[in-house]
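S.K.: What follows is a single structure, and I will ask about it in a moment.
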Amino acid sequence: MRSILWLIDTVITLYVWLLIAGAVLSWLIAFNVVNVRNPIVAQVGEFLDRVTEPALRPIRRLLPNLGGIDVSPIILILLLYFLRNIIFEIFGSLGTVRI
């Protein structure tokens with residue numbers, strides 16, 4: 001059971017880092033710091049969009065329009081950490097798991 005909890009924790013942590021990378025890349029593109037015509041930047045941006053957009057889209061539909069500010073990654077990160085903590089509270093009593 002510890003291995004499954006470790007795997008869940010690792011997957012959630014990696015996904016959070018992908019969300020952060022996607023948000024930072026979107027800021028860099030918006031402020032013209034990186035060029036989207038660069039093939040590497042375009043591939044990284046497309047990968048991050050394909051990985052994060054399916055989870056962010058339902059949250060964006062529920063949120064009101066806040067102008068140019070997108071808080072959906074922050075909300076998703078909080079939900080993922082909440083889910084992770086609930087899983088560890090329910091199944092963590094089976095063994096000590098270091099987070």
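The values are calculated or read from the model by the stated rules, or taken from the named source; none is laboratory data. Remember, it's a predicted structure, so these values are computed and weren't measured experimentally. In case anyone asks, the SASA skips ligands and DNA or RNA and just uses the protein heavy atoms, side chains included. Shrake-Rupley method; radii C 1.70, N 1.55, O 1.52, S 1.80 Å.
S.K.: Working only within segment 3-22, note down all residues that are open to solvent by less than 60 Å² (accessible area, probe 1.4 Å) and under 17 Å from the mean Cα position of the chain (by Cα).
M.R.: Step one: of segment 3-22, the residues open to solvent by less than 60 Å² (accessible area, probe 1.4 Å) are 5, 8-10, 12-13, 15-16, 18-19, 21-22.
Selection gives Ile8, Asp9, Thr10, Ile12, Thr13, Tyr15, Val16, Leu18, Leu19, Ala21, Gly22.
S.K.: Also, I was wondering about something else. Tell me whether segment 23-43 contains one or more residues that are within 30 Å of Met1 (Cα to Cα), in a helix (DSSP H, G or I) and open to solvent by 60 Å² or more (accessible area, probe 1.4 Å).
M.R.: Here is the first cut: in segment 23-43, the residues within 30 Å of Met1 (Cα to Cα) are none.
No, every residue in segment 23-43 fails to be within 30 Å of Met1 (Cα to Cα), in a helix (DSSP H, G or I) and open to solvent by 60 Å² or more (accessible area, probe 1.4 Å).
S.K.: What is the one condition in (1) assigned to a helix (DSSP H, G or I); (2) farther than 29 Å from Asp9 by Cα that Pro64 does not satisfy?
M.R.: Condition not satisfied by Pro64: (1).
S.K.: Looking at segment 78-92, is at least one residue in a loop (DSSP other than H, G, I, E, B) and of a type outside the set (D, E, K, R)? Steps first, answer last, please.
M.R.: First pass over segment 78-92, keeping only residues in a loop (DSSP other than H, G, I, E, B): none.
No, the conditions are met nowhere in segment 78-92.
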